[in-house]
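Here the structure comes first, spelled out in structure tokens, and everything after it is commentary.
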Amino acid sequence: MPPIEVLQQQKPKPDQSKKMPAAKIGTKMATGDDDDNNNNTCSIAKGKPTANISEVNLLTDSETRIATAATGELFPGEEHKLNKLEALRNLVENHDDFVRRSDDLFLSRFLICCDWNVDDAYQRMCKLFKLKREYPDWFTHKPLADYEPILKRNIKFVLDKRDKNGRRVFVSRMGNLDINVSSATDLAHLDELWVEFMLNEVDTLEKGVSCLIDMSGYSLKSLRYLTPSNIRIGTQKADLLPLKHMEFHVVNSSAFLNAALAILYPMLSKQIKEQVHFHYSNWDSLHSALGKECLPAEYGGTNGATFDFEKLNRQLLDLEAHYDGLLKYGYELKPHVDPAKHAAFYQNLEKIKSSRRKTKCKKQDEVVEE
């Protein structure tokens with residue numbers, strides 16, 4: 001199977017001296033330095049005003065992309081792309097009764113993934129909207145601060161350096177997973193938070209993501225997550241990600257674990273199966289795929305002795321305003337729509353929330369008893 005790569009980002013360094021028009025997503029952005037090492041970072045930061053886009057020397061590539069998206073200049077001079085963005089925006093904004101995200105940066109994710117075919121991009125978005133409506137508990141729906149405890153369990157995170165192919169590296173440390181605390185949907189939320197972080201960079205949209213999955217310390221009890229329903233929904237969500245390329249690199253797996261995962265393999269989509277690679281503890285094999293520069297010494301790399309979890313998590317936690325601004329999409333109705341028309345949808349949402357609260361309390365009680 002393909003391993004999962006870790007994605008990294010540097011903490012933005014804001015310049016509050018100048019402001020620029022707000023992006024359509026209604027968030028504020030901060031600037032950061034480009035360290036000339038291809039460590040492109042996300043540019044939306046909590047409560048920080050944005051710098052003028054003319055100060056490109058202060059912006060990383062991704063920050064420049066997000067800043068220019070705010071002024072309609074994500075692809076300056078490329079009229080055919082701007083026309084396709086506008087065509088897709090018209091389709092999305094008239095899709096249904098709900099408020100939908102339609103800024104240039106978000107739309108470009110799907111257009112780049114679909115080779116700028118507007119119809120294909122729209123159909124992919126429609127499938128994702130439908131999946132979110134049918135299984136809302138598999139999508140993030142809480143303020144970012146509520147996810148801080150599970151983020152700090154360091155189960156999943158993105159590295160601060162790209163791999164040798166210029167891809168972001170998204171790491172999953174499965175041994176940090178506590179099945180008494182986290183559910184399958186919690187893991188789906190972690191994936192979504194970090195994927196959103198990565199997809200704010202056009203470089204990532206064009207070059208893809210490497211997923212590094214470390215199976216050391218993984219408990220076979222966690223296989224209870226691998227129900228047919230969880231696999232089906234999780235695979236559908238993964239297949240609809242607006243990424244042209246995603247590889248999975250599995251390390252520290254045993255023959256016994258591989259046999260257990262063989263149960264899962266037939267249920268994966270063909271697209272995912274073709275991108276899964278097992279390296280066991282062969283670092284030369286891993287380096288041939290990712291290189292050494294992005295990895296710490298514990299994986300035979302040269303990027304420090306081990307992961308700096310505080311730094312890695314902070315790159316996402318600093319974007320609270322951005323993430324909290326996304327919560328309305330797909331849930332908030334347009335001003336002219338009568339809420340009674342979608343009463344059943346909101347009732348179902350409340351049932352799901354209530355069920356999750358009861359499950360969480362039950363798990364906490366079981367942990368206390370142990």
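Brief remarks on what is shown
- Taking region 312-357 as the range and being surrounded by fewer than 16 Cβ atoms within 10 Å (Cβ to Cβ) and among the hydroxyl-bearing types (S, T, Y) as the test, the residues that pass are Y346, S354, S355.
- For E93, the criteria (1) open to solvent by 60 Å² or more (accessible area, probe 1.4 Å); (2) farther than 21 Å from L326 by Cβ; (3) modelled with pLDDT of 95 or more hold in every case but one, which is (2).
- Top-ranked residue of region 252-273 - restricted to ones that are assigned to a loop (DSSP other than H, G, I, E, B) and at pLDDT below 80, ranked as most open to solvent (accessible area, probe 1.4 Å): I263
- Annotation: of all residues in region 274-285 being in contact (Cβ under 8 Å) with a residue 40 or more places away in the chain and open to solvent by less than 60 Å² (accessible area, probe 1.4 Å), the one that is nearest to H245 (Cα to Cα) is Q275.
- Residue among L107, L59 that is aliphatic (A, V, I, L, M) and either open to solvent by 30 Å² or more (accessible area, probe 1.4 Å) or at pLDDT 95 or above (or both): L107
- Test for P296: is it at pLDDT 95 or above, farther than 21 Å from W138 by Cα and not aromatic (F, W, Y): yes
- Pairs with Cβ under 8 Å, 6+ apart, first in region 114-134 and open to solvent by less than 30 Å² (accessible area, probe 1.4 Å), second small (G, A, S): C114/A121; V118/A87; F129/G330
- Residues in region 287-333 that are of a type in the set (G, A, S) and touching a residue at least 40 places away in the same chain (Cβ under 8 Å): A289, G291, A321, G325, G330.
- Conditions (1) within 20 Å of L326 (Cβ to Cβ); (2) modelled with pLDDT of 95 or more; (3) open to solvent by 20 Å² or more (accessible area, probe 1.4 Å); (4) small (G, A, S); number of the one not met by G47: (2)
- Scanning region 80-111 for residues that are aromatic (F, W, Y) and closer than 16 Å to N200 by Cβ yields F106, F110.
- Just so you know, in region 145-177 the residues that are aliphatic (A, V, I, L, M) and farther than 21 Å from G301 by Cα include one that is least open to solvent (accessible area, probe 1.4 Å), and it is L151.
- Filtered by the rule that a residue be open to solvent by 20 Å² or more (accessible area, probe 1.4 Å), more than 26 Å from K292 (Cβ to Cβ) and assigned to a loop (DSSP other than H, G, I, E, B), region 191-245 gives S219, L226, T227, L240, L241.
- The set of residues from region 228-243 being more than 14 Å from the chain's Cα centre (by Cα) and in contact (Cβ under 8 Å) with a residue 40 or more places away in the chain comprises N230, I233, Q236.
Listed here are the residues, each with its yes/no results for (1) farther than 27 Å from E350 by Cα; (2) at pLDDT 95 or above; (3) under 16 Å from the mean Cα position of the chain (by Cα).
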position	(1), (2), (3)
M125	no, yes, yes
E134	no, no, no
D163	yes, yes, no
V169	yes, yes, yes
D178	no, no, no
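The values are calculated or read from the model by the stated rules, or taken from the named source; none is laboratory data. Just so we're clear, the structure is a prediction, and the values are computed from it rather than from any experiment. With ideal geometry, Cβ positions are generated from the backbone for all residues, glycine too; neighbour counts draw on all protein chains shown. The area values use the complete protein model at the heavy-atom level, side chains included, leaving out ligands, DNA and RNA. Shrake-Rupley method; radii C 1.70, N 1.55, O 1.52, S 1.80 Å.
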